[in-house]
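The values are calculated or read from the model by the stated rules, or taken from the named source; none is laboratory data. Fair warning: this is a prediction, and the values are worked out from it, not measured in the lab. Neighbour counts are summed over all protein chains in view; Cβ atoms, including those assigned to glycine, are modelled from backbone coordinates with ideal geometry. For the accessible areas, the whole protein counts, side chains as well, though only heavy atoms, and no ligand, DNA or RNA atoms are used. Shrake-Rupley method; radii C 1.70, N 1.55, O 1.52, S 1.80 Å.
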Amino acid sequence: TAVTATNNKILESPLQGSQHSTNQKSHPTFGFTVNWSFSDSVTVFTGQCFCFVDEDGEEILKTMWLLRSQVDSMKDDWKATR
């Protein structure tokens, strides 16, 4: 992605998000945003935790993400979102 393609040093970046309360019978949904401190971009993630484990004993998170990079003009808007 544009975040990892930078020549800038990768730095810790702030993350904010939320998750629905969970109980033993639910599969909570969640969302979070990362404001990359070393790049002019922000990524949002949304998904769901399937709280049962797979054959290897791991919980499964299904997610989707969008990354928005800063562009200099409206004519470049088409290439700003991945």
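From the list Ser37, Ser69, pick out the single residue that is open to solvent by 60 Å² or more (accessible area, probe 1.4 Å), modelled with pLDDT of 85 or more and within 23 Å of Asn7 (Cβ to Cβ). Walk me through it before giving the result.
On the way: Ser69 fails: open to solvent by 60 Å² or more (accessible area, probe 1.4 Å).
Selected residue: Ser37, the only one of Ser37, Ser69 that is open to solvent by 60 Å² or more (accessible area, probe 1.4 Å), modelled with pLDDT of 85 or more and within 23 Å of Asn7 (Cβ to Cβ).
Val71 versus (1) of a type outside the set (Phe, Trp, Tyr); (2) farther than 20 Å from Arg82 by Cβ; (3) part of a loop (DSSP other than H, G, I, E, B): which is the lone unmet condition?
Among (1) of a type outside the set (Phe, Trp, Tyr); (2) farther than 20 Å from Arg82 by Cβ; (3) part of a loop (DSSP other than H, G, I, E, B), Val71 violates only (2).
Which of the residues belonging to the stretch 49-66 are open to solvent by 60 Å² or more (accessible area, probe 1.4 Å) and over 21 Å from Trp78 (Cβ atoms)? Full working, then the answer.
So in the stretch 49-66, the residues open to solvent by 60 Å² or more (accessible area, probe 1.4 Å) come out as 52-53, 55-56, 58-59, 61-66.
Within the stretch 49-66, Phe52, Val53, Glu55, Asp56, Glu58, Glu59, Leu61, Lys62, Thr63 meet the criteria.
Quick one: in the stretch 1-22, which of the residues that are open to solvent by 100 Å² or more (accessible area, probe 1.4 Å), under 22 Å from Cys49 (Cα atoms) and in a loop (DSSP other than H, G, I, E, B) is modelled with the highest pLDDT?
Out of the qualifying residues, it is His20.
Can you tell me which residues in the stretch 23-34 are over 15 Å from Leu61 (Cα atoms), open to solvent by 30 Å² or more (accessible area, probe 1.4 Å) and modelled with pLDDT of 90 or more? Can you show your working first?
Step one: of the stretch 23-34, the residues over 15 Å from Leu61 (Cα atoms) are 23-25, 33-34.
So of that shortlist, the ones also open to solvent by 30 Å² or more (accessible area, probe 1.4 Å) come out as 23-25, 33.
Answer for the stretch 23-34, where residues must be over 15 Å from Leu61 (Cα atoms), open to solvent by 30 Å² or more (accessible area, probe 1.4 Å) and modelled with pLDDT of 90 or more: just Thr33.
For the stretch 36-82, name all the residues that are out of contact with any Leu (no Cβ under 8 Å at 6 or more places or on another chain), under 18 Å from Asn8 (Cα atoms) and polar (S, T, N, Q).
Once the filter is applied, which keeps residues that are out of contact with any Leu (no Cβ under 8 Å at 6 or more places or on another chain), under 18 Å from Asn8 (Cα atoms) and polar (S, T, N, Q), the stretch 36-82 yields Ser39, Ser69, Gln70.
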